[in-house]
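Visitor: One structure coming up, written as structure tokens, with questions to follow.
What follows draws every value from the coordinates through simple rules; no lab data is involved. It should be emphasised that the depicted structure is a prediction, and the values quoted were computed from it without experimental measurement. Don't worry about glycine lacking a Cβ; one is built from the backbone with ideal geometry, like all the others, and counts go over all protein chains shown.
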Amino acid sequence: MEQASPIDVTVRTRPRRDEVRARVLAAARVVFADRGFAGASTDQVAAAAGFTKGAVYSNFGSKDELFLALMDAEGAARVAAVEQALDGTTDLPGALAVVGAELSRRNTSWQLLYLEFWQRAVRDPDVRTAFVASRRELRTRVTEVVERFLADHPVRTGWDAGSLTLVLLALTSGLALEALPDPDAVPDDVLPRVLADLLDEIP
């Protein structure tokens, strides 16, 4: 007598909301990098993540909101990398070298995406509001890192943490922009050297 095939009783569970969000963000990073912000669609992001477009919009209200979340994640990763690198640094020159290396780490596709969205934010008041809020949050987080380091390793710099953070981010952005068409034009040690001169450390 022929044996009946066993019944498949595998229970397929739906992915958790945080898993869906993480997969959509990961897919968005790839799709945006491949097509640019303007050329990418939420349909393409959803397909790359293995979901329908509804999964994108259940987590992000628009393509702009999706990109801003990606930008926040990129900023958080940079801040975390700086914090980890500073853990083993006790002197200001060493800290400058570490911060310079982390903040100026080159990622051409991300820099191009950031510039594309920056133009959109400058031209569209509604997008600008959310973009400015995101940048202010990033500056706040970096400022907190700088404040903690200066508190643990007091040096007379003549700079407050907020101003120093602004200079750090501005120099990083400017040097990254200069390096996009001509990477060899910006040596890796430029940022820490400039910061060392600006701080004018007093023993």
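Visitor: On full extension of the chain, what length is gained from ALA47 through ASP152, given 0.36 nm per residue of separation minus the C-alpha to C-alpha distance?
Guide: Computed gain between ALA47 and ASP152 is 33.0 nm.
Visitor: Here is a follow-up. Taking 0.36 nm per intervening residue step and subtracting the Cα-Cα distance, what contour gain separates SER163 from GLU65 on full extension?
Guide: Gain on stretching SER163 to GLU65: 32.4 nm.
Visitor: Between ALA22 and ASP87, what FRET efficiency comes out of the Förster formula 1/(1 + (r/R0)^6) with R0 = 30 Å and r the beta carbon distance, rounded to 0.05?
Guide: Plugging the Cβ-Cβ distance into 1/(1 + (r/R0)^6) gives 0.70.
Visitor: What do you get for the angle between helix 190-199 and the principal long axis of the chain? Use alpha-carbon atoms, 0 to 90 degrees, nearest ten.
Guide: Tilt relative to the chain: about 50 degrees.
Visitor: Separate question: Under 18 Å from a point placed 7 Å out from the Cα of VAL122 along the Cα-to-Cβ direction: which residues of segment 37-77 have their backbone N that close?
Guide: Flagged as within label range: 37-38.
Visitor: So what J values fall out for segment 175-189 if you push phi through Karplus, 6.51 cos²θ - 1.76 cosθ + 1.60 with θ = phi - 60°, rounded to Hz, Gly and Pro as x?
Guide: Per-residue couplings from phi come out as 5, 5, 5, 5, 7, 4, x, 9, x, 5, 6, 10, x, 4, 8 Hz.
Visitor: With a ≥ b ≥ c taken as the square roots of the eigenvalues of the C-alpha gyration tensor of segment 124-188, please select rounded if a/c is under 1.5 and otherwise prolate if a/b is larger than b/c or oblate if it is not?
Guide: oblate
Visitor: Using the Cα gyration tensor of segment 105-149, with a ≥ b ≥ c the square roots of its eigenvalues, what is the shape: rounded (a/c below 1.5), prolate (a/b larger than b/c) or oblate (neither)?
Guide: Oblate is the answer for segment 105-149, as a/c is 1.5 or above yet b/c matches or exceeds a/b.
Visitor: Using alpha carbon coordinates only, what is the Rg to Rh ratio of segment 11-61, with Rh defined as the Kirkwood radius?
Guide: 1.00
Visitor: Something else: Whole-Hz ³J(HN,Hα) for each residue in segment 78-87, computed from phi via Karplus 6.51 cos²θ - 1.76 cosθ + 1.60 with θ = phi - 60°, x for glycine and proline: what do you get?
Guide: Working through the residues one at a time gives 5, 4, 4, 5, 5, 4, 5, 5, 6, 4 Hz.
Visitor: Next question. Most mobile of ALA170, ALA161, ALA49 per a Gaussian network model of the chain (Cα springs, under 10 Å)?
Guide: Taking springs between Cα atoms under 10 Å, the residue moving most is ALA170.
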